[in-house]
Amino acid sequence: MIRTQLVRLYPNKAMRKHLDDLCDYRRYCWNLGLETWNNMYQESLIMGNKKLKPSWQKVRNELAHDKQDWQYQLSSRCLQLTIQDLGKAWQNFFDKARPDWGKPKFKTKKAPRQGFKTDRAKIINGQLRLDKPHGIKEEWHNIEISGAKNLKGDLKTVSIFKETNKYYASLPFEVEIKIKCQTKRKTAVDVNVGHLNYTDGIINTLPKKLQSLYQRIAYYQRLLACKRQVNGKLAYSTNNYVKTRAKLQRDYHKVANIQNDILHKFTSKLTDNYDTIVIENLDVKQMQMTHVASKGLQRSLFGKFRQLLTYKCNWYGKHLVLANRYYPSTQRCSNCGYIKQDDDKITLQGNQKYHTKHNEYICYQCGAVMDRDENAVQNLLALA
Ligand SMILES: [Zn+2]
């Protein structure tokens, strides 16, 4: 199984220069490759010869043939992998079902993320060593990695990227994963805005830190939208716009880190302690979020939660049950099974007719009074 770890890199000054050069080099290879590809394609059309159609190998050979002196100072793997990715991008172009569907585009220096790939990287004494090109005369160092504890296994193709002046690497390892021991216990998780309820308590997913970040993100987004409205397409190339976007990017990163931390801890706990885990279909929850601030970021948390839980359950041999999207986990009484209809239904504001609060569940059949979210957890648990 492939397990990918995202780590922050701390290159020294010399290596920062090399990394920047490689980022630029990948962009150069991509753009030149794309141009060559388009030219080859045009030629094959004009000549009416299908054999002249471009492929990544042909484009790579052409680029390698025309190499200039300065290119020998840079990793040849960078060129190879870039053109291979370009080939993949063209393949994806013919698969309309993909979310990022579209023609491969030329890459720009102004893009907030710059990066490159290498398949010759190694981990040596907890540090990352990149392949040193033959033609290079300057010094070459290993790169410090943060949080590099369990870097074991066979290292695959590493992507290194730079965002807001920080360097990151995603390190995919081929590893063997041991199935976690069976506990014969089951649980259910009810996902809410700001907290996750499960049989053993509540997990807060909206700490103060995150709240203030959400507010700041909303502010930057407004600012950028304003600039776009005033300056139109020109806005993208102004320094102020780029600067604000970098700040926004930085905050997105912080949010992702905090969210990932909460979710990783929680999903690990779940797969440690339970064999069967029931969660509701989160598409439904996403619909109900019209009243919440930073919807996009809250949604991304739901998506991430499900994604993490799905693969961890797969890894560790645990059973994940997804509730049907029409399952009335909020309206059903977990005590007697009665399902509220029409006027009796509880909404996000509670119930207008009976003046109940938003966090109450009162059953008019058996008289049970429960916490709304705990009731939902019990209903989901009934599916296990
Ligand atoms: Zn009841």
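The values are calculated or read from the model by the stated rules, or taken from the named source; none is laboratory data. Keep in mind that this is a model prediction, so the values were computed, not measured. So basically every Cβ, Gly included, is an ideal-geometry build from the backbone, and we count neighbours across all protein chains shown.
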Query raised in the report: Regarding residue 21, is this residue within 30 Å of residue 260 (Cα to Cα) and either at pLDDT 90 or above or surrounded by fewer than 18 Cβ atoms within 10 Å (Cβ to Cβ) (or both)?
Result: no
Query raised in the report: In the range 367-384, what count of residues is obtained for those that are within 15 Å of the ligand (Cβ to nearest atom) and closer than 18 Å to residue 192 by Cα?
Result: 8
Query raised in the report: Among (1) under 23 Å from residue 115 (Cβ atoms); (2) buried (at least 16 other Cβ atoms within 10 Å of the Cβ), where does residue 154 come up short?
Result: (2)
Query raised in the report: Any chance the range 310-323 includes a residue that's part of a helix (DSSP H, G or I), within 16 Å of the ligand (Cβ to nearest atom) and in contact with a strand residue (DSSP E or B) (Cβ under 6 Å, 6 or more places away or on another chain)?
Result: no
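Condition check ((1) surrounded by fewer than 15 Cβ atoms within 10 Å (Cβ to Cβ); (2) modelled with pLDDT of 90 or more) across all residues:
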{"position": "173", "(1), (2)": "no, no"}
{"position": "191", "(1), (2)": "no, no"}
{"position": "195", "(1), (2)": "yes, no"}
{"position": "203", "(1), (2)": "no, yes"}
Query raised in the report: How many residues does the range 330-361 hold that are within 13 Å of the ligand (Cβ to nearest atom) and of a type in the set (S, T, N, Q)?
Result: 3
**Report entry** Options 364, 327; residue that is part of a loop (DSSP other than H, G, I, E, B), of a type in the set (Phe, Trp, Tyr), within 14 Å of the ligand (Cβ to nearest atom) and modelled with pLDDT under 90
**Finding:** 364
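Identify, from the list 190, 272, 251, the residue that is acidic (Asp, Glu) and assigned to a strand (DSSP E or B).
None of the others qualify; the one that does is 190.
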Query raised in the report: Is it true that residue 327 is in the same structural domain as residue 203 (by TED's automatic domain parsing) and aromatic (Phe, Trp, Tyr)?
Result: no
Query raised in the report: On the given criteria, is residue 92 within 30 Å of residue 307 (Cα to Cα) and either out of contact with any Pro (no Cβ under 9 Å at 6 or more places or on another chain) or without any contact (Cβ under 8 Å) to a residue 40 or more places away in the chain (or both)?
Result: yes
Requested in this report: Need at least 2 residues that are among the acidic types (Asp, Glu) and more than 30 Å from residue 146 (Cα to Cα) per element, so show me which helices (runs of 4 or more DSSP H) inside the range 1-104 make the cut, counting only ones lying wholly within it.
Outcome: 13-47
